[in-house]
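Nothing in this text is a laboratory measurement; each read-out follows from the coordinates by a stated rule. Keep in mind that this is a model prediction, so the values were computed, not measured. Because the Cβ atoms are built from the backbone with ideal geometry, glycine has one as well, and the counts that use them run over all protein chains shown.
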Amino acid sequence: MRILITGASGMLGATLANMLEDEHEVFGTGNSNFDEQPKNYKVLDLNAENYNEVIEWSNPNIIILSGALTNGNYCNNNPEEAFSINGISVKKFSEAANKEVKFIYISTDAVFPSNLHLAKETDCVSPENVYGKSKELGEFFIKFSDRPFCVIRTTIVGLNLNSKKAGFVEWIINASKTSEDISLFDDVVFNPISIWELADEIKHIISLEDFPNEILHISGTEIVTKYKFGIELLKSLKLETKTVRSGLISSFKDRAKRCNDQTLSCVYYQDKYKRKLPKLANTIQTINQYYEADKIRK
Ligand SMILES: NC(=O)c1ccc[n+]([C@@H]2O[C@H](COP(=O)([O-])OP(=O)(O)OC[C@H]3O[C@@H](n4cnc5c(N)ncnc54)[C@H](OP(=O)(O)O)[C@@H]3O)[C@@H](O)[C@H]2O)c1
């Protein structure tokens, strides 16, 4: 299959491209070049007027839409850009690609409000910040794109293949290694899945004869606070945990509103597609495995 992945310079997209390359012809786009980029890679600014050139270049059967502005504060301060990249880009892909091309849109728990615990696919979305609203717009354009689509709502953790980038997990690890004090929220709960485990689920979805034309929640099966996650991660990597302090999101005033309950129910996906999603220990073990492998490579 020919697969086009946007956000292929980002945390999930780069790993997805890497893992799908064994079985498929993969084409990646991102907003910048990087040393570890996939073989078939092009810079595409999702603000571009149309995407005809990229569709012509990749001629995909499936497009995985992973490119997004993911920084909540940046989205809050730049709402037009957030709606353009996270939402309207879907409409532009829909206009550029013919109706047989299937779309997989990577969405987020942030489309739900704080008062929903273990949000289900059937729950009403009601995002509380610009990032969540812009992803809701992306979901809207997917649903009305008149083609097979799958929206995957998830909460991911992992390591960046792109050495120019560092996310949540790298931030925790680097702070421990440099003895920098950081604070992780002990009043924010989530059920994370690693990017490698999610990539396996996406591989499975792509392999299905009947493409799941629906919204799916795919995440980990255990709920944890961000603080506890950080501590467990460092313990597993045998790194010092002293630098991590327990903090409260409620005491942060100058940041984009972020839900303190980011949990997703994955019961529907597991039951219907007969999949077993990972527990927290598996997710941390997977990060550990890739972290150690990366150390050996370097
Ligand atoms: N990370 C999370 O906690 C999380 C949780 C739930 C859902 N998600 C969703 O999962 C997906 C992947 O997230 P991630 O963590 O891998 O994101 P990420 O590491 O922040 O990567 C974002 C990607 O989007 C690209 N991008 C940003 N602005 C662009 C523009 N104007 N034109 C073209 N590309 C642009 C970036 O390109 P450059 O880097 O080259 O600029 C990068 O490749 C996103 O759709 C996100 O909404 C993420």
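Among 234, 198, 118, the order by Cβ neighbours within 10 angstrom, fewest to most, reads 118, 234, 198.
Less than 5 angstrom separates the built amide H of residue 215 from those of 151, all sequence-distant by 5 or more or on a different chain. Within the range 191-250, the ratio Rg/Rh, alpha carbon atoms throughout and Rh by Kirkwood, equals 1.15.
Spin-label model, residue 76/residue 124: points 7 Å from Cα along the beta carbon direction are separated by 2.5 nm.
Report relative contact order for the range 1-74 in percent, whole number only (criteria: Cα-Cα under 8 Å, sequence separation at least 6). Relative contact order of the range 1-74: 41 percent.
Express in nm, to one decimal, how much length is gained between residue 114 and residue 164 on full extension, taking 0.36 nm for each residue of separation and deducting their alpha carbon distance. Let's see the in-between values first.
Numbers: separation 50, 0.36 × 50 = 18.00 nm, distance 3.26 nm.
The span from residue 114 to residue 164 would gain 14.7 nm if fully extended.
Under 5 Å between amide hydrogens, built in the peptide plane, is the criterion, and for residue 64 it picks out 4, 5, 6, 104 among residues at least 5 positions away or on other chains. Cross-link partners of residue 102 among aspartates and glutamates, defined as those whose alpha carbon lies under 16 angstrom from its own and excluding same-chain residues fewer than eight positions apart: 25, 56, 139, 146, 209, 210, 214. Taking the charge dipole of the range 143-298 about its Cα centre, with +1 at Lys and Arg Cβ atoms and -1 at Asp and Glu Cβ atoms, the residue from 144, 225, 178 reaching farthest to the positive side is 178.
Pairs with C-alpha atoms separated by more than 20 Å, drawn from the list 164/203; 120/276; 177/228, are 164/203.
Label point of residue 211 set 7 angstrom out along Cα-Cβ; within the range 42-66, amide nitrogens under 20 Å from it belong to 51-66.
Relative to the compact-globule scaling 2.2 N^0.38 Å, provide the ratio for the alpha-carbon radius of gyration of the chain.
Details: Rg = 18.4 Å, N = 298, 2.2 N^0.38 = 19.2 Å.
That ratio works out to 0.96.
Using a Gaussian network model on the chain with a 10 Å cutoff between Cα atoms, which of 12, 208, 216 fluctuates the most? Taking springs between Cα atoms under 10 Å, the residue moving most is 208.
Over all directions, how big on average is the projection of the convex hull of the alpha-carbon atoms in the range 214-298, in square nanometres? The partial results should precede the final answer.
Numbers: hull surface 33.3 nm².
For the range 214-298, the mean projected area of the Cα convex hull comes to 8.3 nm².
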